[in-house]
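**Q** Structure incoming, see below.
The values are calculated or read from the model by the stated rules, or taken from the named source; none is laboratory data. Not measured: the values here are computed from a predicted model. Methodologically, a virtual Cβ is constructed for each residue, glycine included, from the backbone with ideal geometry; neighbour enumeration extends over all protein chains shown.
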Amino acid sequence: MGRKGIIRDGAIVVEDSRIIDVGKSAELKRKYPSYEKMSAKGKVVIPGLVNTHQHAAMSLLRGYADDFPLKEWLDNWIWPLEKRMTGRDIYVGALLTAVESIMGGTTTVNTMYHYVKGGSEAEAFAEAGLRGVIGHVCFSWRKDEDKRALRALASEWHGKQKGLIRTSVDPHAAYTVDPEYMKELRDVTEELNEKYGSPNSPIMWHMHVAETQDEPEKIRQAFNVSVQGGVVEYLDSLNVLDSDVIATHCVALTQRDIKILKEKGVKVSHNPISNLKLASGISPVPSLIKAGVTVALGTDSSCSNNNSDMFGVMKTAALLHKGVHKDPTLLPAEKVLRMATIEGAKALLWDRQIGSIEIGKSADLAIVDFKKPHLCPLFNEISHLVYSATASDVDTVLINGKIVMENREVATVDVPRVLEMAEKTKESLLARLARRAQG
Ligand SMILES: [Zn+2]
């Protein structure tokens with residue numbers, strides 16, 4: 001994904017957290033004779049994948065409720081159980097997602113969830129050694145609580161873990177956050193950035209935008225405001241859109257919405273598997289790309305995906321738009337791999353440090369084992385990465401120069417223990433829900 005393109009028989013030199021050289025293996029072996037070596041023979045090294053939309057803790061509800069429409073799914077299934085989740089539960093769910101992400105070559109995750117006392121997604125990511133943007137999701141019905149949580153999250157975590165953890169302000173959506181509160185959250189973002197952020201490490205703004213066709217109607221009903229045109233146009237009228245905004249989904253867009261996204265530098269997180277599973281519709285990604293909007297990829301939570309496999313998202317993104325438009329030239333493999341790496345880094349305003357394998361960038365690397373029947377013979381590495389590879393082909397992962405998985409052994413956390421904790425937490429959540437139903 002860097003300027004040099006694909007380097008065959010290549011090598012990467014890492015010192016502490018950074019890439020200090022990239023080139024041909026024979027040359028770099030001569031240049032750095034005494035450096036400790038890790039062989040990647042028969043393997044392909046790619047920049048760690050960047051997942052721009054997650055709700056990491058929700059892995060605990062994976063498979064709990066499938067095949068419902070979005071509103072019914074949220075109101076009757078997901079939200080009642082989530083209401084009973086403690087900080088500790090959130091930590092366990094996020095740890096499960098962190099481990100799954102690392103094992104699938106994802107090194108950066110942008111996650112939106114509740115920041116509560118007693119445990120957090122940030123704590124889980126820090127333990128796993130995962131890079132991430134941790135947000136607190138905001139709703140009109142709990143403004144004071146939200147503002148307290150946003151301040152606590154930014155002060156406790158922004159820039160922590162050697163800069164691996166950043167934070168964000170996450171208005172849930174335009175139909176759950178009223179116009180006044182939306183503007184207020186923009187002010188909170190500016191205030192927190194002044195205190196804890198910096199131009200090189202900003203506090204981001206992450207929200208769901210135009211996920212379904214009826215969103216303008218939902219906004220009208222919820223807040224009795226007039227929404228002419230699309231949701232992006234409405235948000236722009238509130239003066240909250242800027243280049244630090246990651247707008248997730250962007251399924252139901254008008255032409256004017258696309259123009260505004262480009263003008264304001266808003267980044268789009270495309271989540272094709274979630275949109276298909278919830279039958280939300282299909283984001284006009286080819287039009288967004290044509291208009292010059294940065295489009296990155298995301299899995300969404302493990303309740304609507306139902307895993308955190310960015311390889312699956314890459315393949316689905318590449319196939320979906322070809323099929324819908326009956327045009328096999330749309331979203332070619334190289335573009336899709338860029339969307340999962342460097343475009344993701346750009347979306348998170350983190351591309352000075354991550355998203356490509358280049359001198360000076362952080363060593364966030366995924367080594368993919370190509371000695372597999374489904375990755376043989378080899379004509380084109382990028383084709384295999386997008387169309388043939390799966391998460392389990394990832395062999396070794398480095399984040400910020402640290403080996404977090406080697407030969408599929410996670411180095412930072414005890415995986416069987418995490419699985420056991422997740423099962424126990426699920427049982428306890430179901431028991432709490434049953435007690436509530438009886439009472
Ligand atoms: Zn979401």
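A quick yes/no check of all residues on (1) closer than 12 Å to Pro47 by Cβ; (2) in contact with a helix residue (DSSP H, G or I) (Cβ under 7 Å, 6 or more places away or on another chain); (3) surrounded by fewer than 20 Cβ atoms within 10 Å (Cβ to Cβ):
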| residue | (1), (2), (3) |
| --- | --- |
| Lys326 | no, no, yes |
| Ala340 | yes, yes, no |
| Asp351 | yes, yes, yes |
| Gly360 | no, no, yes |
| Asn380 | no, no, yes |
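**Q** Take Ser287 and tell me if it is in contact (Cβ under 8 Å) with a residue 12 or more places away in the chain and in a loop (DSSP other than H, G, I, E, B). Spell out the reasoning first.
**A** Values: in contact (Cβ under 8 Å) with a residue 12 or more places away in the chain: yes; in a loop (DSSP other than H, G, I, E, B): no.
So Ser287 fails the test.
**Q** Tally the residues that are of a type in the set (Gly, Ala, Ser) and within 16 Å of the ligand (Cβ to nearest atom), restricting the search to segment 228-246. Before you say what the answer is, go through the steps one by one.
**A** Kept after step one, since they are of a type in the set (Gly, Ala, Ser), are these residues of segment 228-246: 229-230, 237, 243.
Filter once more, so that each one left must be within 16 Å of the ligand (Cβ to nearest atom): none.
Matching residues across segment 228-246 total 0.
**Q** Say we look at segment 247-276 and pick out the residues that are within 16 Å of the ligand (Cβ to nearest atom) and in a helix (DSSP H, G or I); which of these is surrounded by the most Cβ atoms within 10 Å (Cβ to Cβ)? Working first, answer last.
**A** Step one: list which residues in segment 247-276 are within 16 Å of the ligand (Cβ to nearest atom), which gives 247-252, 267-276.
Of the ones still in play, those that are also in a helix (DSSP H, G or I) are 272-276.
Numbers: Pro272: 27, Ile273: 22, Ser274: 24, Asn275: 22, Leu276: 15.
Ranking the candidates gives Pro272 first.
**Q** Could you pull out the residue among Ala126, Ala94, Ala98, Ala65 that is part of a helix (DSSP H, G or I) and surrounded by fewer than 24 Cβ atoms within 10 Å (Cβ to Cβ)?
**A** Numbers: Ala94 fails: surrounded by fewer than 24 Cβ atoms within 10 Å (Cβ to Cβ); Ala98 fails: surrounded by fewer than 24 Cβ atoms within 10 Å (Cβ to Cβ); Ala65 fails: part of a helix (DSSP H, G or I).
From the options Ala126, Ala94, Ala98, Ala65, the qualifying one is Ala126.
**Q** If you take the residues in segment 140-171 that are among the polar types (S, T, N, Q) and not in a helix (DSSP H, G or I), which one is farthest from Ser198 (Cα to Cα)? Spell out the reasoning first.
**A** Keep residues of segment 140-171 that are among the polar types (S, T, N, Q), which gives 140, 155, 161, 167-168.
Adding the requirement that they be not in a helix (DSSP H, G or I) leaves 161, 167-168.
Values: Gln161: 16, Thr167: 12, Ser168: 13 Å.
Looking at the filtered set, the residue picked out is Gln161.
**Q** Just checking, which of Pro216, Pro171 is buried (at least 16 other Cβ atoms within 10 Å of the Cβ) and away from the ligand (no atom under 16 Å from the Cβ)?
**A** Details: Pro171 fails: away from the ligand (no atom under 16 Å from the Cβ).
None of the other options fit; the residue is Pro216.
**Q** Which residues, taken from segment 231-283, are more than 24 Å from Glu184 (Cα to Cα) and of a type in the set (Lys, Arg)?
**A** Matches in segment 231-283: Arg256, Lys259, Lys277.
**Q** On to the next question. Among the numbered conditions (1) touching a Ser or Thr at 6+ places or on another chain (Cβ under 7 Å); (2) of a type in the set (Gly, Ala, Ser); (3) surrounded by fewer than 24 Cβ atoms within 10 Å (Cβ to Cβ), tell me where Ser308 comes up short.
**A** Of the numbered conditions (1) touching a Ser or Thr at 6+ places or on another chain (Cβ under 7 Å); (2) of a type in the set (Gly, Ala, Ser); (3) surrounded by fewer than 24 Cβ atoms within 10 Å (Cβ to Cβ), the odd one out for Ser308 is (3).
**Q** Sort through Arg142, Arg151, Arg131 and tell me the only one that's more than 16 Å from the ligand (Cβ to nearest atom), under 30 Å from Val410 (Cβ atoms) and at pLDDT 95 or above.
**A** On the way: Arg142 fails: under 30 Å from Val410 (Cβ atoms); Arg151 fails: under 30 Å from Val410 (Cβ atoms).
Answer to the check: Arg131.
**Q** Moving on. Say we look at segment 109-128 and pick out the residues that are over 16 Å from Val410 (Cβ atoms) and of a type in the set (A, V, I, L, M); which of these is modelled with the lowest pLDDT?
**A** From segment 109-128, those over 16 Å from Val410 (Cβ atoms) are 110-123; that's our starting set.
Those still in the list that are of a type in the set (A, V, I, L, M) too: 112, 116, 122.
Numbers: Met112: 98, Val116: 93, Ala122: 98.
If we take residues in segment 109-128 being over 16 Å from Val410 (Cβ atoms) and of a type in the set (A, V, I, L, M), then Val116 is modelled with the lowest pLDDT.
**Q** Please specify each residue of segment 36-52 satisfying the condition of being of a type in the set (A, V, I, L, M) and closer than 29 Å to Lys267 by Cα. Reasoning before the result, please.
**A** Our first condition is that a residue be of a type in the set (A, V, I, L, M); within segment 36-52, this holds for 38, 40, 44-46, 49-50.
Residues satisfying the conditions are Val44, Val45, Ile46, Leu49, Val50.
**Q** Enumerate the pairs (first residue in segment 205-224 and in contact (Cβ under 8 Å) with a residue 40 or more places away in the chain; second residue anywhere and among the acidic types (Asp, Glu) and within 16 Å of the ligand (Cβ to nearest atom)) with beta-carbon separation below 8 Å, excluding pairs fewer than 6 apart on the same chain, so at least 6 apart or on different chains.
**A** From segment 205-224, the pairs are Trp205/Asp170; His206/Asp170; Met207/Asp170.
**Q** Now a separate question. Answer yes or no as to whether Val227 is without any contact (Cβ under 8 Å) to a residue 60 or more places away in the chain and either touching a Phe, Trp or Tyr at 6+ places or on another chain (Cβ under 8 Å) or of a type outside the set (A, V, I, L, M, F, W, C) (or both). Show your work before the answer.
**A** Working: without any contact (Cβ under 8 Å) to a residue 60 or more places away in the chain: yes; either touching a Phe, Trp or Tyr at 6+ places or on another chain (Cβ under 8 Å) or of a type outside the set (A, V, I, L, M, F, W, C) (or both): yes.
Criteria met by Val227.
**Q** Another question about this same structure. Take the conditions closer than 24 Å to Glu406 by Cβ and not aromatic (Phe, Trp, Tyr) and apply them to Thr86. Does it pass? If you could, list the steps in order and put the result at the bottom.
**A** Working: closer than 24 Å to Glu406 by Cβ: no; not aromatic (Phe, Trp, Tyr): yes.
Here the answer is no, as Thr86 does not meet what is asked.
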